[in-house]
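J.: Below is a structure I'd like to ask you about.
The values are calculated or read from the model by the stated rules, or taken from the named source; none is laboratory data. None of the values given here were measured: they were computed from a predicted structure. Note: ideal-geometry Cβ built from the backbone for every residue, glycine included; neighbour counts use all protein chains shown. Areas reflect the complete protein model, heavy atoms only, side chains present, ligands, DNA and RNA absent. Shrake-Rupley method; radii C 1.70, N 1.55, O 1.52, S 1.80 Å.
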Amino acid sequence: MWRRSASFILDERRSSNSPPMADTTRGGPFQNPDAISAYYQTRAAHHGVITSDWLAQAQAAVGGVSGEEQTVSPAAESGADKTFNVIEEFNGWRKQPDLAEAVAAIRALAAVIRASEATTMMELEIELKKASDTLKSWDKTSISLTAGCDLFIRYVTRTSALEYEDFNSAKSRLLERAEKFGEISCKARKIIAMLSQDFIFDGCTILVHGLSRVVLEILKTAAQNNKLFRVLCTEGRPDGTGVLLANELSKLDIPVKLLLDSAVAYSMDEVDMVFVGADGVVESGGVINMMGTYQIALVAHSMNKPVYVAAESYKFARLYPLDQKDMAPALRPIEFGIKIAAKVEVERSARDYTPPQYLTLLFTDLGVLSPSVVSDELIQLYL
């Protein structure tokens, strides 16, 4: 079982009697001006000095992105007279190929507010909590889904709205926050891609593992910026996600080479940096990701190669795994192509835990963070 973090337990104890917190909607949960300041010293050792408005520039660069502002799911559009069902709404958003599962959940929860017939704030918050629990139970092994739901509930209901004279005004305020949160979450991937560009230099070789949409966005943006680099893709057994990523990169005319998962150490001397995504970023600063990430990080660390993690802030989870066996099981079927004897046990775990000491930096929509800063950011997100 996962260990809940100390801050989570403390928050649970004080939530029942804590006073309403100040409204921070104006800046949003991701507008911490000091988000990347803790990294300046480390950053200088890599590629020189950066400006203090680096994060603001990245956010401004994606401010006008089109195609991300849809607020009604295809399911809702096709069945306006149907009784609202949060799972159906969620599945409607999930059909969009570029939308992350956690963002689909965030959009579905926003629709809960929109469709709610509650007449008091307490009823509405209870309805939101039940919808969140329903979504989390849809896949109990998904860290990003759980973290996204928890963060949404925390952000949207972080003030009691008692200052409003009528319920309709308070509900409108909550819906406004929900839509804002969804917009920020949708833009997170592009913000991360902008922040990462200074770390990719001409002539470099990048090793990637699995099919991460945010890593693909980083590489796509680098190619659009006319940077010259090549990519080594692990095959990504058992589902071949590395092969899928290699095919996507080839469509962008990015030089790419496929590796057996077992050939990482053999090829590491060619590599300048490693980029991986994350299913979840835990409070220690470590990451949960596709099986094999841990051993890649170990090899890279032993050969002094930087390991960069690209992850949206809605994947920040208030969990604290102590070792590999401390994770909730997430199993996948594995086909070896050869008949396996009945007495042979097969390891079917789909992901592993990479401790923070083997990671160099995390690229997030909060800024570029060292692993040690993650706990502080989690506190800021959930306060």
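J.: Ignoring ligands and nucleic acids, what accessible area does Lys130 show with a 1.4 Å probe (Å², nearest 10)?
T.: Near enough 140 Å² of accessible area.
J.: Taking amide H positions as placed 1.01 Å from N in the peptide plane, with prolines and chain starts having none, which residues 5 or more places from Val231, or on another chain, fall under 5 Å of its amide H?
T.: Ile206, Val256, Lys257
J.: At 1.4 Å probe size, put Asp261, Asp272, Asp323, Asp98 in order of accessible surface, largest to smallest.
T.: Working: Asp261 35, Asp272 60, Asp323 80, Asp98 115 Å².
I get Asp98, Asp323, Asp272, Asp261, largest accessible area first.
J.: Need the full-extension length gain, Ala115 to Ile87, defined as separation in residues times 0.36 nm minus the C-alpha distance. One decimal, nm.
T.: Numbers: separation 28, 0.36 × 28 = 10.08 nm, distance 1.37 nm.
Gain on extension, Ala115 to Ile87, equals 8.7 nm.
J.: So, one more: Based on the Kirkwood radius over alpha-carbon pairs, what is the Stokes-Einstein translational diffusion coefficient of region 227-383 at 20 °C with 1.002 mPa s viscosity, in µm²/s?
T.: Numbers: Rh = 16.9 Å.
It comes out at roughly 127 µm²/s.
J.: Taking a probe of 1.4 angstrom, what is the accessible area of Lys305 in Å², to the nearest 10?
T.: 50
J.: Full extension from Asn247 to Asn304: what is 0.36 nm times the residue separation minus their Cα-Cα distance, to one decimal in nm?
T.: Values: separation 57, 0.36 × 57 = 20.52 nm, distance 2.89 nm.
17.6 nm is the gain from fully extending Asn247 to Asn304.
J.: Let me ask another. Ignoring ligands, DNA and RNA, what accessible area per residue does region 78-130 give at 1.4 Å, in Å²? All intermediate terms of the calculation are to be shown ahead of the outcome.
T.: On the way: 2810 Å² over 53 residues.
Per-residue value: 53 Å².
J.: Under 5 Å between amide hydrogens, which residues at least 5 positions from Asn289 or on another chain qualify, with H placed 1.01 Å from N in the peptide plane?
T.: The answer is Asp279, Asp352, Thr354.
J.: On a 1.4 Å probe surface of the protein chains, which of Ser370, Ser302 comes out largest in accessible area, and what is the full order?
T.: On the way: Ser370 20, Ser302 85 Å².
The ranking, largest first, comes out as Ser302, Ser370.
J.: Another one. Once you have the Cα-Cα distance between Asn168 and Ser349, take 0.36 nm times their residue separation minus that, and quote the gain in nm to one decimal.
T.: On the way: separation 181, 0.36 × 181 = 65.16 nm, distance 4.74 nm.
Difference between extended and current length: 60.4 nm.
J.: Another question, if that's okay. Along the Cα→Cβ direction, 7 angstrom out, place labels at Lys339 and Lys140. What is the inter-label distance in nm?
T.: 3.6
J.: So what are the ³J(HN,Hα) numbers for region 293-305, from phi and the Karplus equation (6.51, -1.76, 1.60; θ = phi - 60°), rounded to whole Hz, Gly and Pro as x?
T.: 4, 4, 5, 5, 5, 4, 5, 4, 4, 5, 10, 6, 9
J.: Write out the GluC sites (Glu not before Pro) in region 109-198 meeting two conditions: DSSP loop, and at most 15 other Cβ atoms within 10 Å of their Cβ.
T.: Values: sites: Glu117, Glu123, Glu125, Glu127, Glu163, Glu165, Glu176, Glu179, Glu183; in loops: Glu117, Glu163, Glu165.
Of the GluC sites (Glu not before Pro), the ones in loops of region 109-198 whose Cβ has at most 15 other Cβ atoms within 10 Å are Glu117, Glu163, Glu165.
J.: Right, something else. When the accessible area of region 193-295 is split by element with a 1.4 Å probe, what percent falls to carbon and sulfur?
T.: Carbon and sulfur atoms account for 51 percent of the accessible area of region 193-295.
J.: Ok, one more. Just list whichever of Lys140/Lys171; Lys220/Lys251; Lys95/Lys251; Lys129/Lys171; Lys220/Lys305 have alpha carbons separated by over 19 Å in the model shown.
T.: Values: Lys140/Lys171 29 Å; Lys220/Lys251 10 Å; Lys95/Lys251 23 Å; Lys129/Lys171 15 Å; Lys220/Lys305 22 Å.
In this structure, Lys140/Lys171; Lys95/Lys251; Lys220/Lys305 lie more than 19 Å apart at Cα.
J.: A further question on this structure: Can you sort Met327, Met273, Met122, Met194 by 1.4 Å-probe accessible area, starting with the largest? Could you put the intermediate results ahead of the total?
T.: On the way: Met327 25, Met273 5, Met122 140, Met194 75 Å².
Per-residue accessible area, sorted high to low, gives Met122, Met194, Met327, Met273.
J.: Another one. Quote the accessible area belonging to Val256 in square angstrom, nearest 10, computed with a 1.4 Å probe and with ligands, DNA and RNA left uncounted.
T.: Its accessible surface works out to 50 Å², give or take rounding.
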